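Heads up: the structure comes next, in structure tokens.
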Amino acid sequence: MFAAFDFEVIIKHIPFLWQGMQLTLLLTALALCGGILGGTVLALCRLSRFAPLSFAAGSYVNFFRSMPLILVIFWFYFLVPLLVGRPVGDFYSVLIAFALFEAAYYCEIIRAGISSVRRGQVYAGQALGLTYGQNMRYIVLPQAFRNMIPVLLTQAIILFQDTSLVYVVGLKDFLVSGDIVANRDNRLFEMYTTIALVYFVLCLIGSRAVRRLQRKYAL
Amino acid sequence: MIEIRNVSKWYGDFQVLKNCTTRVDKGEVVVICGPSGSGKSTLIKCVNGLEPFQEGVVTVNGTSVGDRGTNLPKLRSHIGMVFQNFELFPHISVTDNIKLGQVKVLGRSADEAQERAMRLLERVGLVDQADKYPAQLSGGQQQRVAIARALAMDPIAMLFDEPTSALDPEMINEVLDVMVELAQEGMTMMVVTHEMGFARKVADRVVFMDEGRIEEDAPKEDFFGSPRGERAQLFLSKILHH
């Protein structure tokens, strides 16, 4: 069987696959930024002493964590254009779905990170005269993010894998690109193996990076 | 300067402060002592509003700390505070620890803050540690940086919350020396500590707390000299014997 492994089909389609990979990476990066940004805001709301705010943020998190990701993708792909009355574009609808979905998970990670910063550090910032916002920005969040680096990046790796779910709306990411070639040239074995290997290697590099960063930034 | 009148505080049903009243005048050094759990640390944190209290009034320089309308960050920026566990910011350098409040709260330029930081580090004898991170310093050094950080804000009063309790014995004096010097320069100080040597040397008054109550509040000479309440005697005999 391996004798019949056709490397040529892979090499020939590297540019096409690379285009797919670019979309995968772009989607991962943007969804990651959106998720962390949204997650930070949500986490601050959830930790707020103003009850309606923390309730609203809590409900958001519980809602999205109870939804299958694929359903959220569908929902934004098919229903948001109906709601706003015009097409949003495949990429943007998927990006919004991922960012909103990831924000719910990042919220919980960041909330734990903020809680991991010692109370005394908050006191020390307050005692200097920092306002709540300054204390968060200069004292609490920098330490919280350092403590969270391993979990944040692990979640990023999961996100990177999950972007392949855009398959369901036909957006041409790395997996879909490989799938197209596999079916058109009838090279299922070669293409799926290659795709799997690429995902494996990238995720392996990612988790190694996590460990190095963890050692570097551990407080 | 600092006035605490009939302050009570509860954690749920548990009353940590019971009708506490005392004061610290300008230039005065007041030492607060008492067994652990007596409410000393809670009381000192009420002075700059780090701990809220339910009853009573605390005023600093005429401003009421408990008032809803009080700008607490602004009030706190005038009061230096030093903590038991130093609480230097671990993610920034020693110099940046001293610069942060100056730049972000007082609005000083980076150069001005830098210059002030270096002068204060010189004063606490740590210029050579300026670029290090807090974790690279010993406990005594960290606490001296923490004092420098508080002084950088040009405070009108300093609060010390058990500044030497987390230190190894050989490092206690380097911190106390800085504090004694401050006291002798006329800084208004409120100090929660068990260091009775420090109290004898520079305190004007000693306050003894037990179970959330201020049991004694006397000039140093009276506190260490004349007969006192049973609890204070027992406490003193325990900590002075070693």
task = Test residue A:52 against the stated conditions and say whether it is part of a helix (DSSP H, G or I), open to solvent by less than 80 Å² (accessible area, probe 1.4 Å) and not hydroxyl-bearing (Ser, Thr, Tyr).
result = yes
message = When you check residue A:127 against the structure, is it more than 22 Å from the chain's Cα centre (by Cα) and more than 14 Å from every other protein chain (Cβ to nearest Cβ), yes or no?
response = no
key: Condition broken by residue A:170, with the remaining ones in (1) open to solvent by less than 50 Å² (accessible area, probe 1.4 Å); (2) modelled with pLDDT under 90; (3) more than 14 Å from chain B (Cβ to nearest Cβ); (4) on the phi < 0 side of the Ramachandran plot satisfied   = (4)
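Filter region B:15-71 down to the residues that are of a type in the set (Lys, Arg) and open to solvent by 40 Å² or more (accessible area, probe 1.4 Å), then identify the one that is nearest to residue B:162 (Cα to Cα). Walk me through it before giving the result.
So the first thing to find is which residues in region B:15-71 are of a type in the set (Lys, Arg), and the list is B:18, B:23, B:26, B:40, B:45, B:68.
Within this subset, residues satisfying the condition of being open to solvent by 40 Å² or more (accessible area, probe 1.4 Å) are B:18, B:23, B:26, B:68.
On the way: B:18: 21, B:23: 19, B:26: 21, B:68: 29 Å.
Residue satisfying both the conditions and the ranking: B:23.
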note = Okay, helices (runs of 4 or more DSSP H) sitting entirely in region B:139-242 with 1 or more residues that are among the aromatic types (Phe, Trp, Tyr), I get B:196-202, B:220-225, B:230-240
request  = Filter region A:131-155 down to the residues that are within 13 Å of the chain's Cα centre (by Cα) and buried (at least 20 other Cβ atoms within 10 Å of the Cβ), then identify the one that is farthest from residue A:195 (Cα to Cα).
outcome  = A:152
task = Go through A:138, A:199, A:217, A:132 for me and flag whichever is hydroxyl-bearing (Ser, Thr, Tyr) and more than 24 Å from residue A:41 (Cβ to Cβ).
result = A:199
Scope region A:6-25; condition over 10 Å from residue A:194 (Cβ atoms) and outside any helix (DSSP H, G or I); matching residues = A:6
query = Given the conditions (1) assigned to a helix (DSSP H, G or I); (2) under 25 Å from residue B:85 (Cβ atoms), and given that residue A:130 satisfies all but one, which numbered condition is not satisfied?
reply = (1)
task = Of the conditions (1) open to solvent by 50 Å² or more (accessible area, probe 1.4 Å); (2) farther than 22 Å from residue A:177 by Cα, residue A:45 clears all except one; give me its number.
result = (1)
ask   = So which residues in region B:165-183 are exposed (fewer than 15 other Cβ atoms within 10 Å of the Cβ) and hydrophobic (A, V, I, L, M, F, W, C)?
value = B:166
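Name the single residue, out of those in region B:98-129 being part of a helix (DSSP H, G or I) and within 8 Å of chain A (Cβ to nearest Cβ), that is farthest from residue A:120 (Cα to Cα).
It comes out as B:104.
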query = Within the group B:95, B:42, which residue is of a type in the set (Val, Ile, Thr), closer than 25 Å to residue B:15 by Cα and out of contact with any Ser or Thr (no Cβ under 9 Å at 6 or more places or on another chain)?
reply = B:42
remark   = Within region B:125-146, residues among the β-branched types (Val, Ile, Thr) and surrounded by fewer than 23 Cβ atoms within 10 Å (Cβ to Cβ) come out as B:127
Strands (runs of 3 or more DSSP E) within region B:1-97 that include 3 or more residues without any contact (Cβ under 8 Å) to a residue 40 or more places away in the chain and more than 11 Å from chain A (Cβ to nearest Cβ) = none
remark   = Reported set for region B:134-152 where residues are in contact with a Gly (Cβ under 9 Å, 6 or more places away or on another chain) and within 12 Å of chain A (Cβ to nearest Cβ) is B:149, B:150, B:151, B:152
query = How many residues, within region A:203-217, are out of contact with any Ser or Thr (no Cβ under 7 Å at 6 or more places or on another chain) and open to solvent by less than 70 Å² (accessible area, probe 1.4 Å)?
reply = 5
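The values are calculated or read from the model by the stated rules, or taken from the named source; none is laboratory data. Since the model is a prediction, treat every value here as computed from it, not as a measurement. All Cβ positions, even for glycine, are placed from backbone atoms using ideal geometry, and neighbour counts span all protein chains on display. The accessibility values were calculated without ligands, DNA or RNA, using every heavy atom of the protein model including side chains. Shrake-Rupley method; radii C 1.70, N 1.55, O 1.52, S 1.80 Å.
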